[in-house]
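Below is one structure, written out as structure tokens, with a few remarks after it.
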Amino acid sequence: MQGSLRRNRWRAGLLAGAAATLVAGLGVATATEASAAAGCRVGYATAGQWPGGFTANITVTNLGDRIDGWRLGWVFPSGQTVSQAWNATVSASGAQVTAVNVAHNAVLATNGSASFGFNGTWTGSNTAPTAFTLNGVACTGGVGEPSPSPSGSGPGPSPSTSPSTPPAGTAMAAVAAMQPGWNLGNSLDATGADETSWGNPRITEALLDGVRAQGFKSIRIPVTWGQHQGGAPNYPIDAAYLNRVKEVVGWALADGFYVMVNIHHDSWQWINTMPTDRTNVLNRYNATWTQLAAAFRDSPAKLVLESVNEPQFTGSSGDAQSATLLNELNTSFRTIVRNSGGGNATRLLVLPTLHTNADQARLDELAATFTAVNDPNLIATVHYYGYWPFSVNIAGGYRFDATAQQDLTGMFDRIATTFVARGIPVIIGEYGLLGFDRHTGTIEQGEKLKFFELFGYHARTKKVTTMLWDNGQHLGRTSLQWQDPELFAQLKSSWTTRSGTAASDLVFSARSTAITSKTLTLNLNGTTFTGLRQGSTELVRGTDYTIAGDQLTLTAAALTRLSGSRAYGVNATLHAQFSQGVPWRINLVTYDTPVLQAATGTTSAYTIPTTFRGDQLATMEATYADGSNAGPQNWTPFKEFDYTFAPNYTGNVIQLKPEFFADVTDGSRVTLKFHFWSGAVVTYYVTKSGTTVTGTVG
């Protein structure tokens, strides 16, 4: 499927660096600036050293106010590198190193400490670093001025607070007017014969009318040109194809959209060979933009042009060379469009970071380009698909936890500081979750809703315009109906306000035991809890539930009444009401621990007969008898949801996919632990012998 094609291409580019960091530190995280320390002390000790390698331990002590989420930074004076870390997630950009807390040591009380360690490599000398920063504050061993209040998912300002309006007539004002935006994905960017080759229907005026009616103000129209071009030296674009693109652009402009057009999958089809074929690639790129600049020269100012989608360079010597090549493309694009005259002389132009990645080094590279060209009508763009383990449900990242939240808030903090604070507008040209390329059920519903709620809040407060990636999995191209109305309701609400959420959207009661009261932690997000409903019926406070701060407790009597005959599955659906935003759905679920049965099958078609008994599968661990990790991505025991395993609730089976068995050692028994959302864990064993698979429960 084309979603898989896009997913694999993304992994080969933007996520390559993230995956490498994940291997090194068993987690990818970028700390937010939340609760920066006002004082800190760091102890660094080399615990062991050998030729070319060493082990170091670091203890950081917070001397200021309590910190919820920390990031320690330092520079290695001798160019050392970190190869493996524990009790922190460690990443590096050149000599600059960043260590971020893991879940169990995220909080540093006043005078509280956290320790972590790592293995590293060195050449020449292994001089210890002496200068450290904690959440951006230098660690001097003393206490300085208090730091700014956090910018996180806590109460913060009033949930309806809007950022100040930028001056009219500026690029910032125009980009603000583009919020929110939507991507017409997997249509004109398809790499087949025409816009229907990836399974979506032909674009119609009615589709664009429907998108506009949903409240979107801008539309990104990705276009792949390569298969519709002739050869050197002019690389002529097929006239019929160019006219078709202009027709769709014209419909969108007539609907009142801001419209973004780009060079899309060409980035990995031929532009990526620039390190070894610079002259030919640059000639073709310039020829393409020369033709497009001429074609759109007299279009309205609401047409915006983007230089290239997700730029990447195969065979590059490293990020420095890739950054140089991208700067050359971005600069050439701007020069060609500006020199074509007409409306292009002042048209808004969009320049991406390398891989459209929002790491600080990538942002700094693009910022340098902006400084050099000194053009007030430029826009910076990145893409964001979440903290990778959460985005695809791997490595135990099935919850939108503190680490995933920090990745999101850190991204917004960095782009706001690097660009928005300097008056340079930013568009997140694509956002979503990577698991959606398989299906939107890869991520549990409540967890994904919390992701989009927080994403929308930070986009609004950081003054960033966002464009939802939709390749057909969200809005029906002909039905004009949302596949997941609850998700769209959360998205739409986040454009203007915050919504209350909760630790989960599932409350489980075991049928094998008596019903007891259940407590759920609410995430108020600056709102006020106002009540609890089942449909139009208001539940009675004090009788059906109690509320104490952010703790919502459902009484045993209410749960007994609402669960009825206690059939397995969802017995009732409640909605927590808040003073702002959309209600939070709470499913009351009756369950018992699922039952798995022995089975024999093949590596290409193996399923485990499963009686789910009302429960839902969250993740799967796979290990060998010696404790080492089994299956693909063997840096983690927790396998990728839907890529290696998938539940089929209607078919009463759990499927283990060929991709899983492709990386399982023949003849070695694998222990599988299936983790369910109720908290139940069920153990199962499989052994592969050639193409035959045998599974047992003990």
Checklist entry - Can you name every residue in region 440-456 that is open to solvent by 20 Å² or more (accessible area, probe 1.4 Å) and assigned to a helix (DSSP H, G or I)? => result Thr440, Gly441, Gln445, Lys450
Checklist entry - Counting residues that are under 24 Å from Asp319 (Cα atoms), over 31 Å from the mean Cα position of the chain (by Cα) and in contact (Cβ under 8 Å) with a residue 24 or more places away in the chain, which strands (runs of 3 or more DSSP E) fully inside region 41-145 reach at least 3? => result none
Item to check | Neighbours by Cβ (under 6 Å, 6+ apart or cross-chain): first from region 454-471, more than 23 Å from Asp189 (Cβ to Cβ); second in a loop (DSSP other than H, G, I, E, B) and open to solvent by less than 20 Å² (accessible area, probe 1.4 Å) | outcome: Tyr457/Arg498
Checklist entry - Restricting the search to region 307-322, which residues are surrounded by fewer than 21 Cβ atoms within 10 Å (Cβ to Cβ) and either touching a strand residue (DSSP E or B) at 6+ places or on another chain (Cβ under 7 Å) or free of Cβ contacts under 8 Å to residues at least 24 places away in the same chain (or both)? => result Gly318, Ala320
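Sort out which residues of region 582-618 are in contact with a His (Cβ under 6 Å, 6 or more places away or on another chain) and closer than 14 Å to Tyr649 by Cβ, and write them in order of number. Steps first, please.
Taking region 582-618 first, the residues in contact with a His (Cβ under 6 Å, 6 or more places away or on another chain) are 583, 585, 618.
If the condition is that a residue be in contact with a His (Cβ under 6 Å, 6 or more places away or on another chain) and closer than 14 Å to Tyr649 by Cβ, then Ala618 is the only one that fits.
Tell me which residues, restricted to region 242-259, are free of Cβ contacts under 8 Å to residues at least 40 places away in the same chain and not acidic (Asp, Glu).
Asn243, Gly250, Ala254
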Next on the checklist: Checking the condition touching a His at 6+ places or on another chain (Cβ under 7 Å) and at pLDDT 95 or above, which residue from Glu328, Glu306, Glu310 passes?
Outcome noted: Glu310
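Here's the yes/no breakdown for (1) open to solvent by less than 10 Å² (accessible area, probe 1.4 Å); (2) on the phi < 0 side of the Ramachandran plot; (3) among the hydrophobic types (A, V, I, L, M, F, W, C):
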site	(1), (2), (3)
Gly569	no, no, no
Ala572	yes, yes, yes
Leu588	yes, yes, yes
Tyr591	no, yes, no
Gln597	no, yes, no
Tyr606	yes, yes, no
Gln616	no, yes, no
Ala622	yes, yes, yes
Ala625	no, yes, yes
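Pick out the one residue from Ala459, Ala402 that is more than 25 Å from Ile219 (Cα to Cα), of a type outside the set (Val, Ile, Thr) and either surrounded by 24 or more Cβ atoms within 10 Å (Cβ to Cβ) or under 15 Å from the mean Cα position of the chain (by Cα) (or both).
Working: Ala459 fails: more than 25 Å from Ile219 (Cα to Cα).
Testing whether each residue is more than 25 Å from Ile219 (Cα to Cα), of a type outside the set (Val, Ile, Thr) and either surrounded by 24 or more Cβ atoms within 10 Å (Cβ to Cβ) or under 15 Å from the mean Cα position of the chain (by Cα) (or both) leaves just Ala402.
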Next on the checklist: If I filter region 175-184 down to residues being outside any loop (DSSP other than H, G, I, E, B) and open to solvent by less than 30 Å² (accessible area, probe 1.4 Å), which single residue comes out as nearest to Ala380 (Cα to Cα)?
Outcome noted: Val175
Checklist entry - In region 272-293, how many are over 16 Å from Asp238 (Cβ atoms), open to solvent by 10 Å² or more (accessible area, probe 1.4 Å) and of a type outside the set (Ser, Thr, Tyr)? => result 8
Checklist outcome for this item: With criteria (1) open to solvent by 20 Å² or more (accessible area, probe 1.4 Å); (2) modelled with pLDDT under 95; (3) of a type outside the set (S, T, N, Q), Asp437 comes up short on (1)
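Scanning region 489-505 for residues that are touching a helix residue (DSSP H, G or I) at 6+ places or on another chain (Cβ under 7 Å) and not basic (Lys, Arg), which turns out most open to solvent (accessible area, probe 1.4 Å)?
Among those residues, the one meeting the criterion is Trp495.
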Next on the checklist: Within region 216-328, considering only strands (runs of 3 or more DSSP E) that don't extend past its boundaries, which have at least 3 residues that are touching a Cys at 6+ places or on another chain (Cβ under 7 Å)?
Outcome noted: none
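Among the candidates Ser187, Ser197, which residue alone is in a loop (DSSP other than H, G, I, E, B) and without any contact (Cβ under 8 Å) to a residue 12 or more places away in the chain?
Ser197
Checking the conditions here, which among Ala252, Ala232, Ala239 is surrounded by 15 or more Cβ atoms within 10 Å (Cβ to Cβ) and modelled with pLDDT of 95 or more?
Values: Ala232 fails: surrounded by 15 or more Cβ atoms within 10 Å (Cβ to Cβ); Ala239 fails: surrounded by 15 or more Cβ atoms within 10 Å (Cβ to Cβ).
That would be Ala252, the only listed residue that is surrounded by 15 or more Cβ atoms within 10 Å (Cβ to Cβ) and modelled with pLDDT of 95 or more.
Mind counting the residues in region 537-552 that are open to solvent by 30 Å² or more (accessible area, probe 1.4 Å) and either under 18 Å from Gln580 (Cα atoms) or of a type in the set (Val, Ile, Thr) (or both)?
8
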Checklist entry - For the subset of region 323-377 comprising residues that are charged (D, E, K, R) and either open to solvent by less than 10 Å² (accessible area, probe 1.4 Å) or free of Cβ contacts under 8 Å to residues at least 60 places away in the same chain (or both), which member is nearest to Tyr258 (Cα to Cα)? => result Arg347
Checklist outcome for this item: Taking region 652-665 and keeping residues assigned to a loop (DSSP other than H, G, I, E, B) and either open to solvent by less than 40 Å² (accessible area, probe 1.4 Å) or under 12 Å from Gln616 (Cα atoms) (or both) leaves Asn652, Lys657, Val664
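Working carefully through the options Ile67, Ile58, find the one that is over 26 Å from Trp635 (Cβ atoms), buried (at least 19 other Cβ atoms within 10 Å of the Cβ) and of a type in the set (A, V, I, L, M).
Details: Ile58 fails: over 26 Å from Trp635 (Cβ atoms).
The unique qualifying residue is Ile67.
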Checklist entry - For region 521-546, what are the residues that are closer than 17 Å to Ala503 by Cβ and free of Cβ contacts under 8 Å to residues at least 24 places away in the same chain? => result Tyr545, Thr546
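The values are calculated or read from the model by the stated rules, or taken from the named source; none is laboratory data. This structure is a prediction, so every number in the text was calculated from the model and none was measured. Because the Cβ atoms are built from the backbone with ideal geometry, glycine has one as well, and the counts that use them run over all protein chains shown. All accessible areas refer to the heavy atoms of the entire protein, side chains included, with ligands and DNA or RNA removed. Shrake-Rupley method; radii C 1.70, N 1.55, O 1.52, S 1.80 Å.
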